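Encoded as structure tokens, the structure appears first; notes follow it.
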Amino acid sequence: MVESKANPVRLGRGFWIVTGVYAVLAIASIVFWYKAPVYQWLNLPVAIETAARVDELSTFMFATGSALYIFVLGYIVYFAIAFRARKSDPPDAIGVQIHDNHKLELWWTIIPVLFVILLSFLSVKIWYQIMVEPQNGIVIESIGHQFYWSFRYPQVNGEVTGEMHLPVGVPVTLNLTSADVIHSFWVPAMRLKNDMVPGLVTTIRFKPTLVGRFPIVCTQFCGTSHSTMNAMVDSTKQWVVIEDQASYDKWYSGWKIKNAHVSNALVTASTGAVDLSGGVAATGQALFATKCSACHAVGPFSKVIVGPGLAGVLHDASHPNLVDGDPATPDNVAKILQNGFTGSMGQMPNATTNQLSNQDIANLVAYLNSLK
Ligand code: HEC
Ligand SMILES: [Cu+2]
């Protein structure tokens, strides 16, 4: 105060001119955020109720944030020029020293605090809608795997793979978990994202409002084929399909019939040798597509995805031994499927992690044995 009284800082005409310019720019940026179809440019349809609330909050934050940014950055530039060192200043000149302006400090504390309180109030309101409401509707589970998602529906045995279908207008409670590493389930069109953590169940709730097909994206690096857990990179990977009740019912009863003979019992790897006599190659082929193809190609040994290509695993003269050194026989392949194996390429998961029953192993070996 003492110095500033002795040597008062003058805010010249220039200060008020740039303030006027910044005010116009700030208003223009606010108008931009509220008027421009930003979410259309970003190709973000609004597929659920709360997505619109998230967009409103984001727009509010972008608008107020860019208006503030214009003033803060603008004044830095203005003051750097207005109070620059002049040629006429002595070499040891120092700038005007100002401190202790209680009135100013009070306002620059109160205004941001009120603003942050307002933002948290608006955010918690939406968070509550996602975490707690709606209470009724269907309960679905999604399980993250390397490198795909599977889904469990009420009264459907086993897991549904491919697409997650939802009837429009019906509230959904979605429980998320993982079978192996941490994944993160993100549907941009829903503005919803949650981590999938092994051993933990997290829940999100929403009500679909827009009929369509929307990509699911994994946003947590989960291994070498993480990037393919993005429906836009690998179009065979999972999509959320929101449809009318009749189409949903048709799809749902289709899976009910398809999975009628699938066991819901938790699969545990048995320790003894697996009986391979009842293996069915066709069943093994379907299983391979869902459980193995993320890591293995049906091609020569050298065609590596995560693990080696498996087309010649049992009938390739140049591949007499398996990765664990044992001779390439059906029983030894079964042993790798049962116990897993970690070698120079990485980790081949065991039967518990891959959720394989003894019958699954027999079917898979029959399939691999049928490849030439
Ligand atoms: C997470 C990736 C991953 C999954 C899923 C996976 N594997 Fe593997 N697998 C590997 C890796 C990596 C290896 C090689 C390990 C090493 O030697 O370093 C391997 C090795 C193998 C081998 C030995 C190949 C050889 O030539 O010796 C067989 C057979 C095999 N896997 C079959 C399967 C089958 C069948 C499934 C599906 C039930 C499956 N794997 C699922 C990663 C995977
Ligand atoms: Cu993932």
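The values are calculated or read from the model by the stated rules, or taken from the named source; none is laboratory data. Predicted, not measured: the structure shown is a model, and the values here were computed from it. Here Cβ is always computed from backbone atoms with ideal geometry, including for glycine, and neighbour counts include all displayed protein chains.
Brief remarks follow.
- Of all residues in the stretch 84-113, exactly one satisfies the criterion of being within 27 Å of G65 (Cβ to Cβ) and in a loop (DSSP other than H, G, I, E, B), namely N101.
- Considering the conditions (1) more than 26 Å from the chain's Cα centre (by Cα); (2) under 29 Å from D195 (Cβ atoms); (3) surrounded by 12 or more Cβ atoms within 10 Å (Cβ to Cβ), A67 is excluded by exactly one of them, (2).
- Among residues of the stretch 286-302, those that are aromatic (F, W, Y) and at pLDDT below 90, counted: 0
- Residue match in the stretch 140-147 (condition: under 18 Å from the mean Cα position of the chain (by Cα) and of a type in the set (F, W, Y)): yes
- I305 being of a type in the set (V, I, T) and under 22 Å from G144 (Cβ atoms): yes
- Single residue of I76, I70 found to be of a type in the set (A, V, I, L, M, F, W, C), without any contact (Cβ under 8 Å) to a residue 40 or more places away in the chain and closer than 20 Å to V18 by Cβ: I76
- Out of A6, A82, A28, one residue alone is over 30 Å from I242 (Cβ atoms) and modelled with pLDDT of 95 or more. It is A28.
- For the residues A231, A189, the requirement of being without any contact (Cβ under 8 Å) to a residue 24 or more places away in the chain and either closer than 28 Å to V38 by Cα or surrounded by fewer than 17 Cβ atoms within 10 Å (Cβ to Cβ) (or both) singles out A231.
- Of all residues making up the stretch 147-174, the number that are within 16 Å of ligand 1 (Cβ to nearest atom), touching a helix residue (DSSP H, G or I) at 6+ places or on another chain (Cβ under 9 Å) and not small (G, A, S): 4
- Listed conditions (1) closer than 19 Å to V217 by Cα; (2) part of a loop (DSSP other than H, G, I, E, B) are all met by Q155, apart from (1).
- From the options T228, T177, T203, residue that is of a type in the set (V, I, T), within 16 Å of ligand 1 (Cβ to nearest atom) and within 16 Å of the chain's Cα centre (by Cα): T228
- Taking the listed residues V172, V132, V139, the one that is free of Cβ contacts under 8 Å to residues at least 60 places away in the same chain, of a type outside the set (S, T, N, Q) and within 18 Å of K193 (Cβ to Cβ) is V172, with no other qualifying.
- Single residue of the stretch 220-229 satisfying the filter (part of a loop (DSSP other than H, G, I, E, B) and near ligand 2 (Cβ under 8 Å from one of its atoms)) that is modelled with the lowest pLDDT: G223
- Candidates G346, G325, G340: the one that is in contact with a strand residue (DSSP E or B) (Cβ under 8 Å, 6 or more places away or on another chain) and surrounded by fewer than 19 Cβ atoms within 10 Å (Cβ to Cβ) is G340.
- Matching helices (runs of 4 or more DSSP H) fully within the stretch 278-357 where at least 1 residues are away from ligand 2 (no atom under 16 Å from the Cβ), under 28 Å from D234 (Cα atoms) and among the polar types (S, T, N, Q): 281-291, 351-354
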